[in-house]
Amino acid sequence: MPRHIVIALGDQLDRSSAAFDGFDAARDTVWMAEVAEESTHVWSHKARIAVFLAAMRHFRDALLRERIAVDYTELAITPRPQEPATLAAALAASLARLKKEQAGPEKLVVVEPGEWRVQEAVRAAAQAAGLPLEIRPDRHFFSSREEFAAHATGRKQLRLEYFYRPLREKFGVLMDDGEPAGGQWNYDAENRGAFPKTGPGKLPAPVRFAPDATTRGVLDLVNARFAKHPGSLAHFDWPVTPAHAQAALDDFLSHRLPLFGRYQDAIWTGEPWLYHSRLAQAMNMRLLDPRDVVAGAERAWRQGKAPLEAAEGFIRQVIGWREYVRGVYWQFMPEYLDRNALNAAMPLPNLYWTGDTDMNCLRDAVGQTLAYGYAHHIQRLMVTGLFALLFGVAPQRVHEWYLAVYVDAVEWVELPNTIGMSQFADGGVMASKPYCATGAYIDRMSNACKGCRYDPKQSTGPDACPFTTLYWDFLARHQKLLAKNQRMTMQLKNVGRKDAADLRAIRRQADAVRERLS
Ligand code: FAD
Ligand code: SF4
């Protein structure tokens with residue numbers, strides 16, 4: 001008879017988590033389940049489904065090697081009769097079976113689920129089974145949900161900087177005698193360049209993890225059962241064990257961290273990884289501890305292997321943005337999901353699922369997303385996200401796409417980035433102004449416009465770049481609302497200089513773009 005049922009969710013694959021505190025292998029059982037709904041509630045990319053299932057199976061096998069009992073439900077290629085459709089149903093079925101076979105467990109134990117929907121499902125299942133549920137704190141993060149709530153209380157505006165600096169002080173990250181290393185908190189001025197016209201040159205290829213037998217079994221399952229889902233598994237090489245994740249971290253620190261900051265915002269077509277770490281998926285699934293990631297980057301700088309601006313730029317993403325968005329998520333859920341400050345209502349253009357478009361930048365970003373389940377931050381924010389914002393896509397449709405197509409997509413980090421940072425649908429909680437720009441921004445940061453049939457400088461006419469047309473239309477449409485925002489003054493002044501005939505032509509062309517792509 002199990003004493004505790006310890007629930008390990010697909011993004012909680014951490015043997016040292018609080019769920020295992022006091023674990024008694026003689027009396028406790030770990031419960032894990034693969035359920036179809038987790039792959040279908042948004043129309044998940046095949047690589048996203050595969051990376052979760054493969055990592056879960058490896059975690060299960062590691063527990064079994066430790067002689068820990070694991071109650072594990074595998075998905076089968078052909079759905080079994082009475083297969084539980086949801087996580088709550090799977091848990092309820094297991095608990096009912098346990099009750100029938102023997103006396104039920106004393107209680108259920110889980111670490112704070114990362115997603116509001118899943119937290120509610122686990123609570124409901126425990127209640128339905130009449131069992132106490134102990135929710136333990138998630139030690140993976142540097143800060144707790146409660147600490148963020150305390151930080152947010154009484155503030156008119158939430159800003160990353162005010163959250164990031166105290167965290168660095170508290171954990172002594174990049175600090176020298178109580179001062180920020182190098183005398184500055186932020187080295188953005190030295191970061192965020194574009195590549196020269198000749199391109200990035202030879203880039204260090206990231207370490208790959210060839211699928212083993214367990215992962216190959218998952219790839220076969222996904223290709224068969226989720227055949228109609230977007231994306232491909234042809235290039236699947238993501239880390240699915242803690243050992244892989246550590247090797248991926250070592251590889252990044254040695255080969256890509258030194259130029260991470262300088263080219264953080266650069267885009268180059270056909271080059272999906274550039275100097276990015278590719279570590280979000282491993283961290284989000286708990287295969288990698290963010291403390292090791294941050295310590296590794298700081299060590300690289302202290303040993304002279306990476307410049308300070310690269311280490312700080314990278315550490316800011318992990319101890320700053322990653323913690324901050326989690327705080328925003330839990331502070332404002334569940335109503336955050338429905339925010340729509342700009343009243344955007346268009347459907348998501350189909351090109352997001354196919355990559356079939358004559359816009360070079362979008363074809364490249366969506367194409368690599370479908371091929372690998374990955375795009376780097378600036379592609380997400382300033383290509384796919386920017387286009388959806390300017391097009392006026394309903395933020396919830398944009399959210400469903402981002403949650404579906406990336407291997408690192410989990411709602412607590414995806415939602416604030418999409419609803420807040422990228423679509424400005426939260427009205428300014430995450431970002432102090434909308435990230436809106438013409439095609440000229442993409443031209444400056446990438447080579448995409450060189451080979452494109454559109455001209456980023458033109459807003460009307462047959463060669464007008466759709467980004468540029470939609471940008472002016474966006475400002476004109478939201479002029480009144482954005483006028484309250486001081487940081488928009490310059491951009492609104494520019495649209496104010498356009499005469500009525502220009503604005504009419506832009507509106508006509510923007511309508512035509514929307515009609516063509518809807
Ligand atoms: P790197 O560029 O190497 O950055 C290092 C690490 O910093 C990342 O691994 C990540 O853990 C963290 N990080 C960087 N930027 C952010 C950010 N804005 N918010 C939180 N953490 C950050 N990230 C996810 O992990 N999951 C998502 O579902 C997700 N959805 C996004 C949706 C949109 C619309 C946008 C604009 C961003 C999203 N991000 C998401 C943030 C960021 O784009 C990814 O973390 C990053 O691209 C992952 O690639 P990487 O590991 O190579 O990151
Ligand atoms: Fe994208 Fe416009 Fe540049 Fe073409 S011209 S690549 S559509 S920004």
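Read-outs: derived from the displayed coordinates by stated rules, not from any lab. Here the structure is a predicted model, which is why all the values come from computation and not from measurement. Because the Cβ atoms are built from the backbone with ideal geometry, glycine has one as well, and the counts that use them run over all protein chains shown.
Things worth noting here:
- A dipole drawn for the chain from +1 and -1 charges on Cβ atoms has a positive end, and of Thr384, Leu348, Pro462 the residue lying farthest that way is Pro462.
- Placing unit charges on the Cβ atoms only, positive for Lys and Arg and negative for Asp and Glu, gives the range 401-492 a dipole magnitude near 440 debye about its Cα centre.
- Here is the size of the range 454-501 from its Cα atoms: Rg then Dmax, 11.5, 34 Å.
- For the range 61-191, the alpha-carbon radius of gyration amounts to 1.59 times the rule-of-thumb value 2.2 N^0.38 Å expected for a compact globular protein.
- Only Cα sites of the range 342-430 enter the Debye sum here, all with the same form factor; the resulting log10 I(q)/I(0) across q = 0.12, 0.14 1/Å is -0.30, -0.42, listed in q order.
- Taking max minus min of the alpha-carbon positions on each principal axis, the chain gives extents of 79, 58, 49 Å, largest first.
- Karplus-derived 3J(HN,Hα), 6.51/-1.76/1.60, for each residue of the range 208-222, Hz, glycine and proline x: 10, 10, 5, x, 8, 4, 4, 5, 4, x, 5, 4, 4, 4, 5
- Order of Ser277, Ser16 - criterion: other Cβ atoms within 10 Å of each residue's Cβ, fewest first: Ser16, Ser277
- The range 333-481: mean projected area of Cα convex hull, nm²: 8.4
- For the range 405-506, the alpha carbon positions stretch 44, 37, 20 Å along the principal axes, listed from largest to smallest.
- Globularity index of the range 128-268, i.e. its alpha-carbon radius of gyration over 2.2 N^0.38 Å: 1.50
- Listed pairs Lys170/Lys305; Lys202/Lys450; Lys450/Lys498; Lys457/Lys480; Lys46/Lys156 exceeding 31 Å between Cα atoms: Lys46/Lys156
- log₁₀ of I(q)/I(0) at q = 0.13, 0.20, 0.21, 0.22 Å⁻¹ - the range 217-282, Debye sum with one point per alpha carbon: -0.51, -0.93, -0.97, -1.00
- Between the range 278-337 and the range 408-465, the Cα center-to-center distance that results, in Å: 23
- Amide proton proximity set for Asp71, modelled H, under 5 Å, gap of 5+: Val30, Trp31, Met32
- Volume per residue of the C-alpha convex hull in the range 233-350, rounded to whole Å³: 170
- Among Trp412, Trp238, the ranking by other beta carbons within 10 Å of each residue's beta carbon, starting with the fewest, stands as Trp412, Trp238.
- Counted by neighbouring Cβ atoms within 10 Å, the residues Asp237, Asp24 run from fewest to most as Asp24, Asp237.
- For the range 1-148: span of alpha carbons on each principal axis (Å, largest first): 43, 36, 32
- ³J(HN,Hα), Karplus 6.51/-1.76/1.60, whole Hz, each residue of the range 90-98, x for Gly, Pro: 5, 5, 4, 5, 5, 5, 5, 5, 4
- Other residues whose C-beta falls under 12 angstrom from the C-beta of Gln331 contribute a net charge of -1, scoring Lys and Arg +1 and Asp and Glu -1.
- Cα-centre dipole for the chain with unit charges at Cβ (Lys and Arg positive, Asp and Glu negative), debye to 20: 1140
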